[in-house]
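The values are calculated or read from the model by the stated rules, or taken from the named source; none is laboratory data. Just so it is clear, the structure is predicted and the values come from calculations on it, not from any experiment. Cβ coordinates were reconstructed from backbone atoms using ideal geometry, including for glycine residues, and neighbour counts include every protein chain displayed. Heads up: the accessible areas ignore ligands, DNA and RNA and are worked out on the full protein's heavy atoms, side chains in. Shrake-Rupley method; radii C 1.70, N 1.55, O 1.52, S 1.80 Å.
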Amino acid sequence: MSPVPTITEVRARSVLAPLSRPLRTASGSIPAAPLLLLDVRTDADVVGHAWLFGYAAETLAPMAALVEQIAPSLVGQPLVPVQRMRDFEARFRLLGMQGLLGMVVAGIDMALWDALGKVLDQPVASLLGGAPVALRAYDSFGMVDPVKDEALLRKSVEAGFTGIKIKLGYPDLAQDVAITGGVREIIGSDVELMVDFNQSLDPPEACRRIQRLEGFNLYWVEEPVAAADLAGHALVRRRTGARVQTGENWWFPRGLQAAISASACDFAMLDIMKIGGVTGWMGAVGLAEGASLPVSSHLFVEASAHTLAVTPTADWLEYLDLAGPVLTNPCRPVDGYVTAAGPGLGITWNEPAIAEFAA
């Protein structure tokens, strides 16, 4: 039997990737995607790749510095992702793994799984005991104008998407109602419509607005209040009867467990960068299955297509292409479905684009 490859180098590079649809939310706008690109080199002449989304360009330098500080502890270690995660948990137990540190740890975990899949010439979904499958995806928009953006919305439906998500949280309720109604009219009754408030409301205002949106047959209402306000989410569920989606800001599987205990949601949306990479995701989905929570992904199309494929209660894959401009083979939807690519996570860098968009 061949020995397990060992890690020889870990490095990070920063880019500002252009967005085909700049993302506008109630909590701020994102004109370009600040990404940290990770490379884990092994003595098997294989390099694992992953990327992190920094939300703001100011996060890239500190995340890169964290990678530089952590890298020496990984060099010479076997390419065994689960054990490497256990090492991180022990090393940072007193500090706790959240924030930028948690993001970096998750990114390294994803790159390790990518490298392992490439060594074995298998997609990560297969390493996890499943296989790449076609996952239904919804097209994820920011704040939209039903008049100005009508062509884009119709294009999504024509491309085969059976779900559309828009951002809400406008200055007044009338705008939320008018925009939701306008979008529903454009996409028709056969396409599921999700709305995302991006944590912009307090519980009483969330209840007021959601009750006014009842007639639009919403599939879910996402993060109506602050993500950390689990009691507020539970209150919104009780008072409105709306199906509440949250989870993109949970840190590692324990974040999901806390939400379950608080009866905070009807759905779970896992962000692979915050839930602990591939390893953390697999720990979380067992909890979701036990609680009968449908699981959807947040961002990270390439990696999430692998983990969602082996998720027992898989629901929707969010399609929002952040890294496509720096990938040689971006993960594209076909008739509204996305299938994971391999080997590994199917991530390969477009080096000329990385040079062009270097931050």
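Some observations on this one:
- Taking every alpha-carbon pair under 8 Å whose residues sit at least 6 apart, the range 21-61 reaches a relative contact order of 35 percent.
- Scattering curve values for the range 50-179, log₁₀ I(q)/I(0), Debye with Cα scatterers, q = 0.11, 0.20, 0.21 Å⁻¹: -0.67, -1.11, -1.16
- Inter-centroid distance (Cα atoms) of the range 8-80 relative to the range 158-235, Å: 31 Å
- Across the options 179, 95, 42, the greatest Cα extent toward the positive end of the charge dipole of the chain (unit charges at beta carbon of Lys, Arg, Asp, Glu) belongs to 95.
- Binned Cα-Cα distance frequencies in the range 1-124 - 10 Å width, integer %: 13, 41, 30, 14, 2, 0
- Cβ charges +1 (Lys, Arg) and -1 (Asp, Glu), total dipole of the chain, debye: 540 debye
- Alpha-carbon radius of gyration plus Dmax, which is the widest Cα pair, for the range 235-359 in Å: 16.0, 53
- Candidate lysines for bridging to residue 148, where Cα separation is under 24 Å - those fewer than 8 sequence places away on the same chain excluded: 165, 167
- In a reduced charge model with +1 at each Lys and Arg Cβ and -1 at each Asp and Glu Cβ, the range 1-135 shows a dipole moment near 340 debye about its Cα centre.
- Using distinct alpha-carbon pairs, which all enter the 1/r mean, Kirkwood radius of the range 217-306 in Å: 12.9 Å
- Mean-position separation - Cα centroids, the range 237-268 and the range 273-332, in angstrom: 17 Å
- Over the range 57-103, the ratio between the Cα radius of gyration and 2.2 N^0.38 Å evaluates to 1.21.
- Antiparallel bridges, percent of DSSP beta bridges restricted to the chain (to nearest 5): 55 percent
- Environment charge of residue 123, counting only residues whose C-beta is closer than 12 Å and scoring Lys/Arg +1, Asp/Glu -1: -2
- Percent of Cα pairs exceeding the 13 Å cut-off, where the set is the range 278-317: 42 percent
- Above 11 Å, the calculated P(r) of the range 177-217 contains 67 percent of its Cα-Cα pairs.
- Screening the chain for DSSP H helices whose Cα atoms reach 30 Å or more along their own axis and whose mean Kyte hydropathy is at least -0.5 gives 99-120.
- At 1.306 mPa s and 10 °C, Stokes diffusion of the chain via Kirkwood alpha-carbon radius, µm² per second: 77 µm²/s
- Residue 328 - accessible surface, heavy atoms, 1.4 Å probe, Å² rounded to 10: 70 Å²
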